Amino acid sequence: MISDAAYSLDAPSEEEPGAQEPAVAEPRARSIPRVNIQAFCEDQDTASVIQKASEDRRLAKAHITVQMGGVEAAVAFYRNASTPNLIVIESLLDRNAMLSDLERLAEVCDPGTKVIAIGHVNDVLLYRELLHRGVSEYVVAPMNVSQVIESVSSVYTDPESGPVGQVIAFVGAKGGAGSSTVCHNTAFAIAGALASDVVIADLDLPFGTAGLDYNQDPPQGVADAVFSPDRVDTAFVDRLLSKCTDHLSLLAAPATLDRVYDFGADAFDAILDALRTSIPCVLLDMPHQWSGWTKRLLLSADDILVVAGPDLANLRNAKNLVDLLRASRPNDHPPYYCLNQVGVPKRPEITPADFAKALEDPPLAVIPFDPQLFGTAANNGQMIAEVSANHKTAEMFRQLAQILTGRTETKQSRSGLLPMLSKLMKRAS
Ligand SMILES: Nc1ncnc2c1ncn2[C@@H]1O[C@H](COP(=O)(O)OP(=O)(O)OP(=O)(O)O)[C@@H](O)[C@H]1O
Ligand SMILES: [Mg+2]
């Protein structure tokens, strides 16, 4: 947990349920495009794991069919049918028999079709031979749902550049909790300290403050895209971005009231798809509201940070949000949350420890209430790190950026404190 010492919590013990790794550095599976995937299994367990994986949000756009019969069934099937974008094929055989089976499959495969092989032998030579013959992945059964998602997603990930298009949604547990402020400052740290391209999509169309916070008044933004769904593609959305810093761009909210903003549940799908293909990191500044489209965006984001103030309404709402997101996304990292505006003089507050107990997870950060610092930043159209680069709150945003993206700081920007802190965090977890 990132915290001012005054609000520190006991470090979670290994046995504690839900205790989370502070630094998530593993590559994470990304949503895959609208492709056809056909699986031919030998083992009923493999078939049901693939079936379960097909219900995951990351594979939701793909059309997936699962049938039994392995290579035999596949070869017979594709004699009369064209092959899909991806075939997942299971074999119970040993190296040589499996290789010759896959050669028979290759004869009926259209060029461009990719293959993931699932085998029952852990054989490095077989693995190398398969990759040599153009198989994209070899996975040894039994596999779990996450492995299926990872393998399928990796077929659509450029191995050179790694996964692009991480979407992180920032949502307040209550209006005014500070979720936009946390979102914008985290974006600034991702762009600055981590030197990674990032876009903030300000989805609070009538009242969004990203433009104000970055001292920008762009003539176009997210409204141009959401009101012309037929025109939305990567190039179109690219033209709507306004550049704030070297690595940071904004898809600004109009923040005008001349029209109303009622949308269908899938209104933002195409915009997100377009952003995802070209931007490594997309931060959604979500309005505090519960509608078809806000729920859908939260469920489909790669990571979520709920920002809560230390009071009872925030606690109840944060718990409801976290519980719902946990239950609906069983194969994902649970949503993160942080506390903000903590330590208002004379105000009775619910402690981080009580939040941790109720939400079964420690907060990712506890950000102190600092009206002087935040007020100066907000009124000047600046980020906290621009007002005071060495302030401990600016350091918190850098660490939030690091944890949420699973990336580390570039050498030039790394502060002396951070390596020591991350060592301490690792030891504590
Ligand atoms: N830690 C803090 N200390 C002091 N002021 C803060 C802090 N965090 C945010 N603020 C201030 O609180 C106000 C509300 O912040 P912000 O607009 O980010 O909240 P929000 O959750 O996005 O609100 P909304 O529900 O309108 O979307 C802003 O004036 C901001 O500068
Ligand atoms: Mg907001």
Set of the stretch 332-354 residues, backbone N closer than 12 Å to the point 7 Å along the Cα-Cβ line of GLU360:
334-335
Helix axis angle, 70-80 relative to the chain longest principal axis, alpha carbon, degrees
80 degrees
Return the loop-located trypsin sites (Lys or Arg not before Pro) in the stretch 243-320 (DSSP other than H, G, I, E, B) with at most 12 other Cβ atoms within 10 Å of their own Cβ; answer none if there are none.
ARG259
What does the accessible area per residue of the chain come to in Å², with a 1.4 Å probe and no ligands, DNA or RNA counted?
47 Å²
Cα convex hull of the stretch 16-151: how many Å³ per residue?
129 Å³
Against the globular-protein guess of 2.2 N^0.38 Å, express the Cα radius of gyration of the stretch 122-247 as a ratio, rounded to two decimals.
1.48
Overall Cα dimensions of the chain, principal axis frame, Å, largest first
74, 52, 41
222 nm mean residue ellipticity, helices alone, for the chain (DSSP H n ≥ 4; -39,500 (n - 2.57); rounded to 500):
-11500 deg cm²/dmol
Cα convex hull of the stretch 77-194, projected area averaged across orientations, nm²
11.4 nm²
In percent, what relative contact order does the stretch 257-325 have, based on Cα pairs under 8 Å that are 6 or more apart in sequence?
28 percent
Tell me, what does the Kirkwood hydrodynamic radius of the stretch 233-303 come to in angstroms if you use every pair of distinct C-alpha atoms?
13.5 Å
If I fit a long axis through the Cα atoms of helix 44-53 and take the longest principal axis of the Cα atoms of the chain, what angle between them do I get, 0 to 90°, rounded to 10?
30 degrees
Rounded to whole Å and ordered largest first, report the semi-axes of the equivalent ellipsoid of the stretch 75-143 derived from its Cα gyration tensor (root of 5λ).
20, 12, 11
For the stretch 166-309, I need the span (max minus min coordinate) of the C-alpha atoms along each principal axis, in Å, sorted largest to smallest.
37, 36, 28
Nearest 10 degrees, 0 to 90: what angle lies between the long axis of helix 312-328 and the longest principal axis of the chain (Cα atoms)?
10 degrees
In whole percent, the fraction of accessible protein surface over the chain that belongs to carbon or sulfur atoms, probe radius 1.4 Å, stands at 51 percent
Please compute the Cα-Cα pair-distance distribution of the stretch 270-402 with 10 Å bins starting at 0, giving whole percents from short to long.
10, 35, 37, 17, 1
Mean projected area, convex hull of alpha-carbon positions in the stretch 170-211, reported to one decimal in nm², is 3.1 nm²
Cut-off under 12 Å on the C-alpha distance; same-chain residues fewer than 8 positions from LYS392 excluded. Which aspartates and glutamates are left, in chain and number order?
ASP4, ASP370
How about LYS319: which aspartates and glutamates have a C-alpha closer than 13 Å to its C-alpha, ignoring those fewer than 8 places off in the same chain?
ASP311, ASP354, GLU360, ASP361
Round to the nearest 0.05 the FRET efficiency obtained for ALA73 and VAL124 when R0 = 30 Å and r is the Cβ-Cβ distance.
0.60
Taking the alpha-carbon centroid of each part, what is the distance from the stretch 329-344 to the stretch 241-258 in angstrom?
25 Å
Need one number: % antiparallel among DSSP beta bridges in the chain, to the nearest 5.
5 percent
Tell me, what is a quarter of the convex hull surface for the C-alpha atoms of the stretch 325-376, in nm² with one decimal?
4.7 nm²
Proximal aspartates and glutamates relative to LYS52, as straight alpha-carbon distance under 19 Å, when same-chain residues fewer than 8 apart are discounted
GLU42, ASP43, GLU90, GLU150, ASP302, ASP332
Scoring the chain by relative contact order with C-alpha pairs under 8 Å, at least six apart, yields a percentage of 21 percent
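The values are calculated or read from the model by the stated rules, or taken from the named source; none is laboratory data. Bear in mind the structure is a predicted one, so any value in this text is a computation, not a measurement. Note that we place each Cβ from the backbone using ideal geometry, even for glycine, and neighbour counts take in every protein chain shown. For the accessible areas, the whole protein counts, side chains as well, though only heavy atoms, and no ligand, DNA or RNA atoms are used. Shrake-Rupley method; radii C 1.70, N 1.55, O 1.52, S 1.80 Å.
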